[in-house]
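Chemist: Before I ask anything, here is the structure I am working with.
The values are calculated or read from the model by the stated rules, or taken from the named source; none is laboratory data. All values reported here derive from a predicted model rather than from experimental measurement. Methodologically, a virtual Cβ is constructed for each residue, glycine included, from the backbone with ideal geometry; neighbour enumeration extends over all protein chains shown.
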Amino acid sequence: MNQCNVGIIGYGWAATAHIAAINGGTGGQVTAVCSSRALSAAELSARHGSAIKIHTTLEDLLADPSIEMVAITSYPWLHAAHAIAAARAGKHIILEKPMVLELAELRQVEAAVKAAGVRFCICFECRWSSQFLGIRAMLDQGKIGRVHYGEVDYYHGSGPWYGQYRWNVTRRGGGSSLLSAGCHALDALLLCMGGEVEEVMSYATQSTNPIFQKYDYPTTSVTLLKFRDGRVGKCASVIDCLQPYYFHTHLVGSEGSILDQKFTINTPDYDRKLWTESDMKPIDSGDVADHPYRSQFDAFFAALAAGREMPLSGLAEAMATHEVIFAADRSLTEKRPVQLTEIR
């Protein structure tokens, strides 16, 4: 496989994890970085192990014919404009979550990617974790039968100790609890449940701790999902908690259940009092250095080389998850159930 030259748009915490995953993988290398900050090409090249050119404008980076792909790790409110510009420049796209912060932007990015015919990867990297690859394999093999109820919840206190707090507290920066971070859990729930969401209903609240009072949107939300085939699910997004990071997962099927890294299966020797521990590595950190970017990006490079769409976390999956998010956030604003047909 030929090495794909990648340009990074926005050099911050997430960018360092992207560069490590790309340069440590088999399909690409980072050859350029675009940042509004003054950066040293020599310093970045030495730090990341590839010859990196510095661009100070997006236009200059996108005009570079050697760049085949961009990884967009800029501020969330810039994602839409940067993705549209990259698509129009003919660059394949890796886009950090959230994809966009507004429904109108979602449609604009989708249209630009499709019109340009470029490939797209959304950073819902939890789909590529040991935990969810393992869960998905169990579900595909029918180990717990037909899942009729599922809940995946995100607990990660995002206070002053967390890098993005300074801008995440604003609606312009974070958008909502789901857009800010809980989207990972909602996306994982959709991965596990499959099928089409018909309706959502969301409720929200907020911690009284002064740290979290600086947020100008509700920091805890709970979204109930009704699927078209009658199954139901729940996703809590809690970014105002004071506790260790926890990515709660509970799937209930006709022949068993999965709870985080444990499971039960209805077999002749089934003991209803005991869980069986699996060897799946849990998602237990909000640190981007711990996220499974490399597996995801290697799959993207392989798909690109084969002329295929990105599996698991491509444009279709990005659109489906964000449509549910925007339906959930509309439900919060309008205090009513929202049909997905209102969003699409």
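Chemist: Listed residues Q164, Q141; which is polar (S, T, N, Q) and more than 18 Å from the chain's Cα centre (by Cα)?
Modeler: Testing whether each residue is polar (S, T, N, Q) and more than 18 Å from the chain's Cα centre (by Cα) leaves just Q141.
Chemist: Could you please tell me which pairs satisfy a Cβ distance under 6 Å, a separation of 6+ or placement on different chains, a first residue in the range 74-101 that is not assigned by TED's automatic domain parsing to the domain that holds D329, and a second residue that is basic (K, R)?
Modeler: Partner pairs satisfying both residue conditions: W77/R172; H92/R119.
Chemist: If you take just the strands (runs of 3 or more DSSP E) that sit entirely in the range 222-290, which of them hold at least 2 residues that are among the aliphatic types (A, V, I, L, M) and either outside the structural domain of D153 (by TED's automatic domain parsing) or surrounded by 13 or more Cβ atoms within 10 Å (Cβ to Cβ) (or both)?
Modeler: Qualifying strands (runs of 3 or more DSSP E): 232-238, 246-253, 256-259.
Chemist: (1) of a type in the set (S, T, Y); (2) in contact with a strand residue (DSSP E or B) (Cβ under 7 Å, 6 or more places away or on another chain); (3) surrounded by fewer than 20 Cβ atoms within 10 Å (Cβ to Cβ); (4) closer than 25 Å to Q108 by Cβ: which one isn't true of S66, the others all being true?
Modeler: The number of the failed condition is (4).
Chemist: A further question on this structure: Here is a list of conditions, (1) more than 16 Å from G286 (Cβ to Cβ); (2) modelled with pLDDT under 95, and G142 meets all of them except one; can you say which number that is?
Modeler: (2)
Chemist: Then there's this: Would you mind stating whether R336 is surrounded by fewer than 18 Cβ atoms within 10 Å (Cβ to Cβ) and over 13 Å from the mean Cα position of the chain (by Cα)?
Modeler: Judged against the criteria, R336 is a match.
Chemist: Pairs needed: first member in the range 329-344, within 23 Å of A181 (Cα to Cα); second member anywhere, of a type in the set (G, A, S) and in a strand (DSSP E or B); C-beta distance under 7 Å; at least 6 residues apart or different chains.
Modeler: Close Cβ pairs (under 7 Å, with a partner that is of a type in the set (G, A, S) and in a strand (DSSP E or B)) amount to S331/S202; L332/S202; L332/A204; L332/S221.
Residue by residue, here is whether (1) closer than 21 Å to G314 by Cβ; (2) under 17 Å from the mean Cα position of the chain (by Cα); (3) modelled with pLDDT under 95 holds:
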{"site": "Q3", "(1), (2), (3)": "no, no, yes"}
{"site": "H18", "(1), (2), (3)": "yes, yes, no"}
{"site": "G28", "(1), (2), (3)": "yes, no, no"}
{"site": "A38", "(1), (2), (3)": "no, no, yes"}
{"site": "A86", "(1), (2), (3)": "yes, no, no"}
{"site": "A111", "(1), (2), (3)": "yes, no, no"}
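Chemist: Of the residues S285, S313, which single one is closer than 27 Å to H156 by Cβ, at pLDDT 95 or above and hydroxyl-bearing (S, T, Y)?
Modeler: From the options S285, S313, the qualifying one is S313.
Chemist: In the range 195-221, how many residues are modelled with pLDDT of 95 or more and closer than 22 Å to A320 by Cβ?
Modeler: Total satisfying the criteria: 8.
Chemist: Then there is this: Filter the range 132-151 down to residues that are touching a Leu at 6+ places or on another chain (Cβ under 8 Å) and within 18 Å of Y270 (Cβ to Cβ), then give me how many there are.
Modeler: Of the range 132-151, the ones touching a Leu at 6+ places or on another chain (Cβ under 8 Å) are 132, 135-136, 139, 144, 147, 149-151.
Okay, now just the ones that are also within 18 Å of Y270 (Cβ to Cβ), so 144, 147.
Residues that pass the stated criteria total 2.
Chemist: While we're looking at this one, here's another question. Contact list please: Cβ distance under 6 Å, first residue in the range 193-214 and under 27 Å from G145 (Cα atoms), second residue assigned to a loop (DSSP other than H, G, I, E, B), pairs at least six apart or on different chains.
Modeler: Final answer for the pair search is G195/D229; E196/R228; E198/R228; E199/P337; M201/P337.
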